Ligand SMILES: [Zn+2]
């Protein structure tokens with residue numbers, strides 16, 4: 001008798017030798033990356049952010065930099081407060097009516113209000129600006145637009161992620177897992193973070209390279225003047 005071996009397709013990522021996970025197109029590792037990082041081949045960028053955070057810290061050491069940075073922090077705190085109010089209103093409505101309005105805005109409000117309560121605003125703004133510097137400096141570290149939005153959310157939630165103890169079907173044990181929230185809500189939040197904070201980091205990076213080029217030109221002009229007079 002010929003035993004039927006169920007056909008299991010391979011993971012669709014180029015060169016990946018593993019079988020696809022369940023009914024998915026990806027193996028479990030690549031599926032995990034899609035869910036947490038927005039692309040099967042996207043690696044986390046949080047560890048590569050250190051030198052860019054340092055650049056932001058250096059920038060805030062100047063009076064102009066500090067003034068601009070404080071303005072961004074103030075606007076973030078304002079937005080966070082507004083999200084916190086919305087999250088409380090949604091919660092109160094649920095308590096009185098029993099209806100949970102799980103709209104996109106409410107989901108985003110919940111994530112922002114949680115993270116803004118758990119994390120120092122200056123730290124959050126520094127990380128998001130640093131992500132903008134990194135995006136401008138090494139765009140190839142980001143595999144797609146979705147991956148960029150997911151990285152913004154991961155950077156935003158770093159140190160403020162909700163860790164929950166859940167039963168894992170795979171191992172049969174209780175494991176601590178990170179609750180990431182719905183993909184659609186994270187995409188929405190990522191766009192918002194990109195538009196309001198990460199993009200400022202990109203602008204900053206462009207301003208700095210313009211200034212550096214200008215200084216280099218001036219130095220070269222000065223040198224040629226010295227050479228001409230010698
Ligand atoms: Zn794979």
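In the range 139-169, what residues are over 12 Å from the mean Cα position of the chain (by Cα) and touching a residue at least 40 places away in the same chain (Cβ under 8 Å)? Correct list: 141, 143, 144, 159, 160, 162.
In this structure, residue 147 does not satisfy being part of a loop (DSSP other than H, G, I, E, B) and closer than 24 Å to residue 107 by Cβ. Residues that are within 28 Å of residue 65 (Cα to Cα), surrounded by 10 or more Cβ atoms within 10 Å (Cβ to Cβ), touching a residue at least 40 places away in the same chain (Cβ under 8 Å) and assigned by TED's automatic domain parsing to the domain that holds residue 64 do occur in the range 170-189. Of the helices (runs of 4 or more DSSP H) that lie entirely inside the range 1-99, those containing 1 or more residues that are more than 30 Å from residue 204 (Cβ to Cβ) and either at pLDDT below 95 or away from the ligand (no atom under 16 Å from the Cβ) (or both) span 28-37, 63-97. In the set (1) within 18 Å of residue 192 (Cα to Cα); (2) without any contact (Cβ under 8 Å) to a residue 60 or more places away in the chain; (3) surrounded by 13 or more Cβ atoms within 10 Å (Cβ to Cβ), residue 125 fails one condition alone, (2).
Per the listing 110, 93, 136, the residue uniquely out of contact with any strand residue (DSSP E or B) (no Cβ under 9 Å at 6 or more places or on another chain) and within 23 Å of residue 160 (Cβ to Cβ) is 110. Of the residues that make up the range 49-61, is at least one surrounded by 18 or more Cβ atoms within 10 Å (Cβ to Cβ), under 18 Å from the mean Cα position of the chain (by Cα) and not assigned by TED's automatic domain parsing to the domain that holds residue 180? No - not one qualifying residue is present in the range 49-61.
The values are calculated or read from the model by the stated rules, or taken from the named source; none is laboratory data. Worth saying up front: this structure is predicted, and the values here are computed from it rather than measured. Because the Cβ atoms are built from the backbone with ideal geometry, glycine has one as well, and the counts that use them run over all protein chains shown.
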